[in-house]
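Novice: Dropping a structure here in structure tokens format, bear with me for questions.
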Amino acid sequence: MTVTKLKPVDAVVVGVGVAGSIICQELAAAGLSVVGLERGRMVDPAQDFAMPYAHDEFRHDSRSNLIQNLSRETITFRNAMSETALPMREIGSFRMGECVGGAGVLWGGLSWRFLPWDFETHSRTVERYGKKHMPEDCTNQDWGITYDELEPYYDQFEHIYGVSGKAGNLNGEIQTGGNPFEGARSREYPNPPTQATHAGHLFGQAAASLGFTPFSPPTSGSTREYTNLYKLMLGQCQRGGFCSSFTCAMGAKGSPLTAVLPAAMKRSNFELRALCNVIKVNLDSDGKRAVGVTYIDARGRTVEQPADIVIITSYTFNNTRLLLLSGIGKPYDPVSNTGVVGRNYSYQATGSVKLFFEDKTFNSFMGGGGSCTAIDDYNGDNYDHSGMGFIGGGYIVVNSRGAAPINNHPVPSGTASWGSGWKKAVAHYYDRSFAISSHGGCQSYRTNYLDLDPTYKDANGLPLIRMSFDWREPDLKMSAYVTKKAAEIAKALNPSKMSSNPVSGKYNIVPYQVNHNTGGVIMGSDPSTSVLNKYLQSWDVPNVFVIGASAFPQNSANAPTETVGALACWVADAIKEQYVKRPGLLV
Amino acid sequence: MPDSSAAPANAWLFLTRAEARFIDAALARLIPADELGPGAKEANVTCFIDRQLASGWGSASRLYRMGPWQDGSPQQGNQSRLTPQEIYRAGIRETNLHCARVHGRNFDALPVDIQDGILKELQDGKIELESLGSKRFFNMLWKNTEEGFFADPLYGGNHDKIGWKLVGFPGVAAANYVDLIGRHDEPYRVTEPVSILDIEQGRVQVDAQGSPKHIRIKPAGAPK
Ligand SMILES: Cc1cc2nc3c(=O)[nH]c(=O)nc-3n(C[C@H](O)[C@H](O)[C@H](O)COP(=O)(O)OP(=O)(O)OC[C@H]3O[C@@H](n4cnc5c(N)ncnc54)[C@H](O)[C@@H]3O)c2cc1C
Ligand code: SF4
């Protein structure tokens with residue numbers, strides 16, 4: 001095999017999605033020579049995302065070619081270590097992006113900050129309830145960074161993606177209209193919040209009547225035209241639906257393609273190479289320093305890109321896999337509970353309550369752009385967990401995504417599953433129903449983890465990543481509890497029929513759930529239990545940084561992307577302000 | 001005037017004529033024509049399925065297809081070696097063999113109540129097919145039926161937007177719902193949903209950004 005060796009650059013970035021694009025732009029703007037390597041194809045929003053095809057549910061939601069092509073690479077999965085993991089042969093529970101922009105092209109735009117509690121679930125739980133309250137086998141740990149440290153970077157991300165919302169806590173003062181439980185913010189959102197849909201409005205009224213505080217959660221579906229931090233213009237969201245899993249024809253959805261890459265692409269010291277699949281980070285002879293990466297380019301050539309700094313932003317699964325394939329960090333062993341790479345894989349436990357009405361219609365096909373109404377009273381540690389047998393919680397939300405009909409035609413339970421009875425119920429309830437979700441988090445446990453599969457390989461002959469994961473009793477209890485609260489609000493709305501579906505049983509990789517896979521390359525303050533330090537820098541190979549939800553030691557109930565983006569801004573600053581001046585461990 | 005709600009005649013990319021008859025007959029039971037209007041057969045979902053089977057999807061082009069092949073737990077999902085093309089081909093052939101053995105005829109020639117019974121048995125995994133679980137065959141047929149009934153007509157199904165009209169879905173969104181989203185008591189209904197096919201075939205005009213204009217049915221009591 002001949003290997004083409006290229007000229008060295010200052011920084012090479014592996015995967016150009018949400019995290020990767022920000023790092024590329026920030027480092028290039030600071031004058032570093034930067035190459036971004038993306039396995040997926042180049043996209044041209046003006047053509048690829050144009051109307052009317054942007055509103056094709058079948059193309060985008062059922063058969064998307066912007067998500068990972070599993071014929072080349074997938075993951076393997078088992079519920080327990082005693083089982084043989086088998087390949088995920090088709091897309092189900094979650095979708096991974098594969099194009100320039102990554103899943104950030106397809107995302108639904110919900111732009112939550114995490115709660116201050118999320119960063120310190122371990123120490124705050126022990127402090128409030130005592131050590132005994134931590135679930136058995138739970139491997140939660142503090143992040144090594146606090147909400148307050150990350151706050152300026154949340155703010156930065158919000159001014160890149162043009163986030164729309166209403167502050168609930170400005171510098172410690174609770175604001176009406178916002179989320180009173182959020183961490184203190186230094187200033188308002190760049191854009192005003194979304195207006196409630198009919199379903200959201202009814203939910204909000206019912207929640208308020210029960211003493212809760214409803215609000216419109218923050219979103220990157222910009223509520224007005226907005227010029228961002230990089231002087232790029234976002235359009236106004238039209239609330240036309242066709243949003244989550246879809247591309248945005250209006251340039252309104254904050255994404256790598258609208259909000260970041262056009263700025264980076266103008267710089268001569270930045271180069272983006274699409275259809276380049278990175279297979280390895282190359283280390284020097286003593287394994288303490290990365291010298292670059294090896295990738296397979298569009299023509300199938302093996303290419304080596306030398307670089308002083310390697311930044312891996314290839315999403316949870318490949319972030320973990322690339323470290324394991326490259327021998328960076330000690331692989332995690334769940335039996336002895338030693339090693340770190342692959343540790344603390346987690347997900348989100350999301351239940352729902354479905355409501356059906358006879359006398360109300362909702363224009364359910366409208367929405368998207370993060371049109372939500374929520375309450376946060378049962379999220380994190382916002383309520384007393386004494387004697388509950390679990391920690392954490394979830395937010396309760398009506399998410400008016402825009403109900404396109406292939407994937408949204410709910411019928412009450414007990415309806416015939418096909419035939420005239422089904423048809424009648426679909427016709428009647430298509431616009432007379434909605435769901436209230438209990439969007440829960442998930443803690444980390446010793447035997448929920450990622451490692452290399454011993455059997456199955458990708459198209460290059462390299463081992464696939466193997467996921468071992470199942471729900472645990474505390475997370476099921478949490479889902480039952482928060483879903484029950486959602487059902488109480490639902491009841492106040494007097495639906496003619498309703499059904500409650502908390503998470504139960506075993507984790508199943510088949511039905512679509514959430515795209516929020518976390519852990520595997522976690523951050524922390526102790527090298528024996530974390531792969532990365534607080535600057536997302538490898539403890540073992542300090543010129544490697546790994547950014548993504550893979551760094552979360554456990555999963556929040558909130559969607560991850562704003563935190564991923566904030567971490568990218570935080571790492572960019574650490575590299576620019578500290579690392580380039582004094583290469584080496586920053587902690 | 002020709003009846004616009006009857007499915008047009010088709011020429012097949014993948015299906016044999018006999019297979020198309022099987023699917024037509026199954027569709028007529030899965031989403032029947034009834035007092036609410038035409039069903040999946042009239043919506044030409046057979047054409048949708050044929051085109052899908054002839055596409056990359058039909059040969060499982062984006063699925064992980066490397067061995068070893070092994071049955072797993074239900075939580076581990078589909079582990080079948082068969083492509084959708086193979087599932088339809090084997091599923092139809094073997095269901096017809098079952099029908100011929102038990103009822104003396106192919107599926108499409110049976111009375112509707114017997115057809116309903118066969119579909120139910122397929123769905124419940126109660127018919128022994130040689131090559132695959134009957135549930136798997138049924139689930140794929142049903143999923144494709146829903147898809148073909150509600151997908152944009154550009155894919156060959158949802159003829160005359162039958163599926164969209166049934167539920168009141170307006171199709172490609174009009175330029176701006178921002179102001180409408182707050183009008184909670186005003187059902188937004190259009191005289192004719194707009195499809196991508198409509199736009200490409202010049203039946204509907206679009207604005208500079210490519211969004212169509214909807215002709216709304218004025219809700220009772222709405223301001224003129
Ligand atoms: C349908 C959908 C809806 C979502 N909705 C929301 C939401 O409302 N709110 C929210 O917070 N989050 C949401 N998410 C999740 C969000 O998209 C992700 O959190 C975010 O994109 C993660 O950023 P990332 O940079 O880590 O990964 P990505 O943005 O996915 O980027 C990773 C990139 O790395 C590339 N890559 C992978 N491996 C390699 C390799 N070996 N070599 C080269 N390149 C590689 C991939 O192709 C990809 O482009 C949603 C996701 C999906 C799919
Ligand atoms: S709903 Fe808004 S953000 Fe989403 S695709 Fe449409 S215009 Fe873009």
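Novice: If you check every pair at least six apart or on different chains, which have Cβ atoms under 7 Å apart with a residue in the stretch A:306-327 that is among the basic types (Lys, Arg) first and a residue that is buried (at least 24 other Cβ atoms within 10 Å of the Cβ) and assigned to a strand (DSSP E or B) second?
Specialist: A:Arg321/A:Ile465
Novice: Something else: Within the stretch A:537-565, restricting attention to residues that are more than 12 Å from ligand 1 (Cβ to nearest atom), open to solvent by less than 10 Å² (accessible area, probe 1.4 Å) and out of contact with any Cys (no Cβ under 8 Å at 6 or more places or on another chain), which residue is nearest to A:Ile391 (Cα to Cα)?
Specialist: Initially, the stretch A:537-565 is screened for residues more than 12 Å from ligand 1 (Cβ to nearest atom), giving A:537-545, A:553-554.
Next, only the ones that are open to solvent by less than 10 Å² (accessible area, probe 1.4 Å) stay: A:537-538, A:541, A:543-545, A:553-554.
Pick out the ones that are also out of contact with any Cys (no Cβ under 8 Å at 6 or more places or on another chain) and you get A:537-538, A:541, A:543-545, A:553.
Numbers: A:Gln537: 29, A:Ser538: 29, A:Val541: 34, A:Asn543: 36, A:Val544: 33, A:Phe545: 31, A:Pro553: 15 Å.
Within the stretch A:537-565, the match that is nearest to A:Ile391 (Cα to Cα) is A:Pro553.
Novice: State which residue is nearest to ligand 2 (Cβ to nearest atom) when the search covers only the stretch A:328-377 and only residues that are within 13 Å of chain B (Cβ to nearest Cβ), hydrophobic (A, V, I, L, M, F, W, C) and open to solvent by less than 10 Å² (accessible area, probe 1.4 Å).
Specialist: A:Met366
Novice: Could you tell me whether the stretch A:336-358 includes any residue that is of a type in the set (S, T, N, Q) and more than 22 Å from A:Asn448 (Cα to Cα)?
Specialist: yes
Novice: So which strands (runs of 3 or more DSSP E) are wholly in the stretch A:1-98 and hold at least 3 residues that are within 11 Å of ligand 1 (Cβ to nearest atom)? Working first, answer last.
Specialist: Values: elements: A:3-5, A:9-14, A:34-37, A:75-78.
Answer list for the stretch A:1-98: A:9-14.
Novice: Now for a different question. Could you list, in sequence order, all residues of the stretch B:175-204 that are open to solvent by 20 Å² or more (accessible area, probe 1.4 Å) and touching a residue at least 40 places away in the same chain (Cβ under 8 Å)?
Specialist: Matches in the stretch B:175-204: B:Leu197, B:Glu200.
Novice: Given the criterion more than 13 Å from chain A (Cβ to nearest Cβ) and out of contact with any strand residue (DSSP E or B) (no Cβ under 7 Å at 6 or more places or on another chain), identify the matching residue among B:Ala175, B:Ala100. Let's see the steps before the verdict.
Specialist: Working: B:Ala175 fails: more than 13 Å from chain A (Cβ to nearest Cβ).
Answer to the check: B:Ala100.
Novice: With the requirement that a residue be out of contact with any Cys (no Cβ under 9 Å at 6 or more places or on another chain) and closer than 14 Å to A:Thr483 by Cα, what does the stretch A:396-417 give you? Walk me through it before giving the result.
Specialist: Taking the stretch A:396-417 first, the residues out of contact with any Cys (no Cβ under 9 Å at 6 or more places or on another chain) are A:396, A:403-417.
A:Ile396 - this is the single residue of the stretch A:396-417 that is out of contact with any Cys (no Cβ under 9 Å at 6 or more places or on another chain) and closer than 14 Å to A:Thr483 by Cα.
Novice: Moving on. List pairs: first residue in the stretch A:128-140 and open to solvent by 30 Å² or more (accessible area, probe 1.4 Å), second residue of a type in the set (Lys, Arg) anywhere in the structure, Cβ distance under 6 angstrom, at least six positions apart or on different chains.
Specialist: A:Asp137/A:Arg446
Novice: Let me ask you something else. Failed condition for A:Arg95, given (1) closer than 13 Å to A:Ile509 by Cα; (2) crowded, with 22+ Cβ neighbours inside 10 Å, with all others met?
Specialist: (2)
Novice: Quick check, is B:Arg93 open to solvent by 50 Å² or more (accessible area, probe 1.4 Å), part of a helix (DSSP H, G or I), within 11 Å of chain A (Cβ to nearest Cβ) and under 30 Å from B:Ile162 (Cα atoms)? Explain how you work it out, then say what you get.
Specialist: Numbers: open to solvent by 50 Å² or more (accessible area, probe 1.4 Å): yes; part of a helix (DSSP H, G or I): yes; within 11 Å of chain A (Cβ to nearest Cβ): no; under 30 Å from B:Ile162 (Cα atoms): yes.
No, not satisfied.
Novice: Can you name the residue in the stretch B:135-162 that is on the phi < 0 side of the Ramachandran plot and of a type in the set (Lys, Arg) and is also nearest to the other protein chains (Cβ to nearest Cβ) among such residues?
Specialist: In the first step, residues of the stretch B:135-162 are kept if they are on the phi < 0 side of the Ramachandran plot; the result is B:135-155, B:157, B:159, B:162.
Pick out the ones that are also of a type in the set (Lys, Arg) and you get B:135-136, B:143.
Values: B:Lys135: 12, B:Arg136: 12, B:Lys143: 9 Å.
Checked the stretch B:135-162; the qualifying residue nearest to the other protein chains (Cβ to nearest Cβ) is B:Lys143.
Novice: Can you pull out every residue in the stretch A:247-283 that is away from ligand 2 (no atom under 16 Å from the Cβ), open to solvent by less than 30 Å² (accessible area, probe 1.4 Å), not aliphatic (A, V, I, L, M) and not in a strand (DSSP E or B)?
Specialist: A:Cys276
Novice: Separate question: Could you list, ordered by first residue, the pairs with Cβ atoms under 6 Å in which the first is in the stretch A:226-248 and within 14 Å of chain B (Cβ to nearest Cβ) and closer than 23 Å to B:Tyr188 by Cβ and the second is open to solvent by less than 40 Å² (accessible area, probe 1.4 Å) and of a type in the set (Val, Ile, Thr), at least 6 apart or interchain?
Specialist: Hits for this filter: A:Arg239/B:Val178; A:Arg239/B:Ile181.
Novice: Quick one: which of B:Gly163, B:Gly157 is open to solvent by less than 10 Å² (accessible area, probe 1.4 Å) and in a helix (DSSP H, G or I)?
Specialist: Answer to the check: B:Gly163.
Novice: Here's another thing I want to ask about it. So A:Pro193 fits all but one of (1) farther than 30 Å from A:Ala487 by Cβ; (2) open to solvent by 20 Å² or more (accessible area, probe 1.4 Å); (3) touching a strand residue (DSSP E or B) at 6+ places or on another chain (Cβ under 9 Å); what number is the exception?
Specialist: With (1) farther than 30 Å from A:Ala487 by Cβ; (2) open to solvent by 20 Å² or more (accessible area, probe 1.4 Å); (3) touching a strand residue (DSSP E or B) at 6+ places or on another chain (Cβ under 9 Å) applied to A:Pro193, the lone miss is (1).
Novice: Here's a follow-up. Across the stretch A:208-246, what is the number of residues that are among the small types (Gly, Ala, Ser), within 8 Å of ligand 2 (Cβ to nearest atom) and crowded, with 24+ Cβ neighbours inside 10 Å?
Specialist: Matching residues across the stretch A:208-246 total 5.
Novice: Take the stretch A:40-88 and flag every residue that is more than 14 Å from chain B (Cβ to nearest Cβ) and open to solvent by less than 50 Å² (accessible area, probe 1.4 Å).
Specialist: Answer for the stretch A:40-88, where residues must be more than 14 Å from chain B (Cβ to nearest Cβ) and open to solvent by less than 50 Å² (accessible area, probe 1.4 Å): just A:Val43.
Novice: Take the residues in the stretch B:7-31 that are out of contact with any Phe, Trp or Tyr (no Cβ under 9 Å at 6 or more places or on another chain) and in a loop (DSSP other than H, G, I, E, B); name whichever of them is nearest to B:Leu97 (Cα to Cα).
Specialist: Checking each candidate, the answer is B:Thr16.
Novice: When the stretch A:249-264 is examined, which residues are found to be touching a strand residue (DSSP E or B) at 6+ places or on another chain (Cβ under 8 Å) and within 16 Å of ligand 1 (Cβ to nearest atom)?
Specialist: A:Ala252, A:Lys253, A:Gly254, A:Thr258, A:Ala259, A:Leu261, A:Ala264, listed by residue number.
Novice: Kindly indicate which of B:Gly117, B:Gly104 is at positive phi, surrounded by fewer than 18 Cβ atoms within 10 Å (Cβ to Cβ) and at pLDDT 95 or above. Full working, then the answer.
Specialist: Values: B:Gly117 fails: at positive phi.
Just a single option satisfies the conditions, and that option is B:Gly104.
The values are calculated or read from the model by the stated rules, or taken from the named source; none is laboratory data. Quick caveat: nothing in here was measured; it's all calculated off a predicted structure. Backbone-built Cβ (ideal geometry, glycine too); neighbour counts: all protein chains shown. Surface accessibility is based on the protein's heavy atoms, side chains included, excluding ligands, DNA and RNA. Shrake-Rupley method; radii C 1.70, N 1.55, O 1.52, S 1.80 Å.
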